[in-house]
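Structure first, then comments.
Nothing in this text is a laboratory measurement; each read-out follows from the coordinates by a stated rule. This one's a predicted model, so the numbers in the text were calculated from it and none came from an experiment. No Cβ is skipped: glycine too gets one built from the backbone with ideal geometry, and neighbour counts run over all protein chains shown.
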Amino acid sequence: MTVSTAKRTTRPAYWAGVRDGAPFILMAGPFALLFGVIATDAGLTLAQAMGFSVLVIAGASQFAAVQLMVENAGIAFVLLAALAVNLRMAMYSASLVPYLGAAPLWQRATVAYLNFDQTYITAIARYEAYAQMSVHDRVLYFFGVATPITPVWFGATLAGILAGQTIPEAWALDFIMPIMFLAMVAPMVRSLAHVAAAVVSVSVGIALAGLPSGFGLLIAAGAAMLTGAMVEIWMEGRKT
Amino acid sequence: MTYSASEIWAIIAILGVGTFLIRFSFLGLIGDRPMPAFALRLLRFTPVAVLPAMVAPLVVWPDATGGAFDPIRALAAIATVLVGLWMRNPLWAILGGVVTLYGTMGLTALF
């Protein structure tokens, strides 16, 4: 009958994360399946395709790399383009510092490995909404969010490699990803500053969509962050 | 594809290590040292600054249609944002977007 208090206190944050991460299975599943199919089509072995999903674990950059490899691009260019797609995660990393910076190094390293769009956006929304969360609970929550998504990412990649069948386009599963990201971001738009940042993000993102993958996004994100901060300062100035 | 097996593994390994280092960067090096106030202010806008720019081109020029504008997908995206702003809950927003996407696809298939 003796249940350790440590367990009792650690569980809620972890399980809240599992619950909030679970819907992303809908998105990670088809996306990883498609990667498995495309990687196999491109001529990668089972181990190589799985290596991408397990070691890189960043969907958009995996697709970019395989696409360029199919075109026989220079290795340096493949690396540069795929890493540029992932550079936004440096911004994620920096924005997690105020919340997770005090966690032990191994926990920060594990969070870093699991820090992709879905886990990041889910966790940061929770940290902002529950400012009183302890650092330990924040880490547990992050691990909780990653728990349902990560095995599905690996498993669906393997299923795609073995099945080798693309999902029919009529299912429009390509659009589940935009819907899920918009659904996560919209509730976080809480002030005029957030609206301004989002508008700049969309406009610059569309205007620079023709640049090599990743670069337009970085410029748009930087301009949007700066816009949000400046509007916030201007609003604070008007209040006083 | 004309790379050797070892070249492919080198690409995978370097991308793996490089991506991890990008993710670990600030979280690993800064730890709990204080950050400048203006940096913190900028970083609070990270989700709102990155994700709309990532999604917007996919809404205007979807991959699945070969980059042609698709009113159904655009409508689903707008519905997702509106429900998300209104209900303040991602799950309702997803539901709003998915119902709009498949509902409109179903209706256009019927008529």
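For chain B, the 222 nm mean residue ellipticity estimated from helices alone, with every DSSP H stretch of n ≥ 4 adding -39500 (n - 2.57) and the total spread over all residues, rounds to -26000 deg cm²/dmol. Sequence-ordered 3J(HN,Hα) estimates for the stretch B:22-31 from the Karplus curve with 6.51, -1.76 and 1.60 and θ = phi - 60° stand at 4, 6, 7, 2, 5, 4, x, 7, 7, x Hz, glycine and proline given as x. Once the Cα atoms are used to define both axes, helix B:90-110 deviates from the longest principal axis of chain B by about 40 degrees. Peptide A:125-131 has a mean shielding of 1, counted as Cβ atoms of other protein chains within 10 Å of each residue's Cβ. Evaluated with a Cβ-only charge set (Lys, Arg +1; Asp, Glu -1), chain B carries a dipole of roughly 440 debye about its Cα centre, given to the nearest 20. Which residue, A:Phe77, A:Phe52, A:Phe215, tops the fluctuation ranking in a GNM of chain A built on C-alpha contacts under 10 Å? Looking only at A:Phe77, A:Phe52, A:Phe215, the biggest GNM fluctuation is shown by A:Phe77. Across peptide B:6-14, the average count of Cβ atoms from other chains found within 10 Å of a residue's Cβ is 6.
Taking the Kirkwood radius as Rh and the Cα radius of gyration as Rg, the stretch A:134-240 has a ratio of Rg/Rh equal to 1.09. Peptide A:50-58 has a mean of 5 when you count, residue by residue, the C-beta atoms of other protein chains within 10 Å of its C-beta. In order along the stretch A:21-30, the phi-based Karplus estimate (6.51 cos²θ - 1.76 cosθ + 1.60, θ = phi - 60°) of 3J(HN,Hα) comes to x, 3, x, 5, 4, 4, 9, 5, x, x Hz; Gly and Pro are listed as x.
Phi-derived couplings, Karplus 6.51 cos²θ - 1.76 cosθ + 1.60 at θ = phi - 60°, listed residue by residue for the stretch A:77-93: 5, 4, 5, 4, 5, 5, 5, 4, 4, 8, 4, 4, 6, 5, 5, 4, 4 Hz, with x used for Gly and Pro. If only the Cβ of Lys and Arg carry +1 and only the Cβ of Asp and Glu carry -1, the dipole of the protein assembly as shown around its Cα centre is close to 1240 debye. Can you bin chain B into rounded, prolate or oblate? Criterion: square roots of the alpha carbon gyration tensor eigenvalues sorted a ≥ b ≥ c, rounded for a/c under 1.5, prolate for a/b above b/c, oblate for the rest. Since a/c reaches 1.5 but b/c is at least a/b, the shape of chain B is classed as oblate.
The packing ranking, built from the mean of other Cβ atoms within 10 Å per residue, places the peptides A:193-205, A:126-138 in the order A:193-205, A:126-138, highest first.
Rounded, prolate or oblate: pick one for the stretch A:11-112, where a ≥ b ≥ c are the square roots of the eigenvalues of its C-alpha gyration tensor, a/c under 1.5 means rounded, and failing that, prolate if a/b is larger than b/c, else oblate. Because a/c hits 1.5 or more and a/b fails to exceed b/c, the stretch A:11-112 counts as oblate. When each of B:Asp32, A:Asp20 is scored by the number of other beta-carbon atoms lying within 10 Å, the sequence from fewest to most is B:Asp32, A:Asp20. Is the stretch B:46-110 rounded, prolate or oblate when judged by the Cα gyration tensor, a ≥ b ≥ c being the square roots of its eigenvalues, rounded requiring a/c under 1.5 and prolate requiring a/b larger than b/c? Oblate. The reciprocal of the average 1/r between distinct C-alpha atoms defines the Kirkwood hydrodynamic radius, which for the stretch A:5-176 equals 17.1 Å. Across the stretch A:223-240, the residues whose backbone nitrogen lies under 17 Å from the label position 7 Å along the beta-carbon direction of B:Leu85 are A:228. Each pair of Cα atoms in the protein assembly as shown enters the Kirkwood radius, and Stokes-Einstein at 25 °C and 0.890 mPa s then converts it into a translational diffusion coefficient of 117 µm²/s. By the beta-carbon count within 10 Å of each Cβ, the least crowded to most crowded order of A:Phe35, B:Phe69, B:Phe45, fewest first, is B:Phe69, A:Phe35, B:Phe45.
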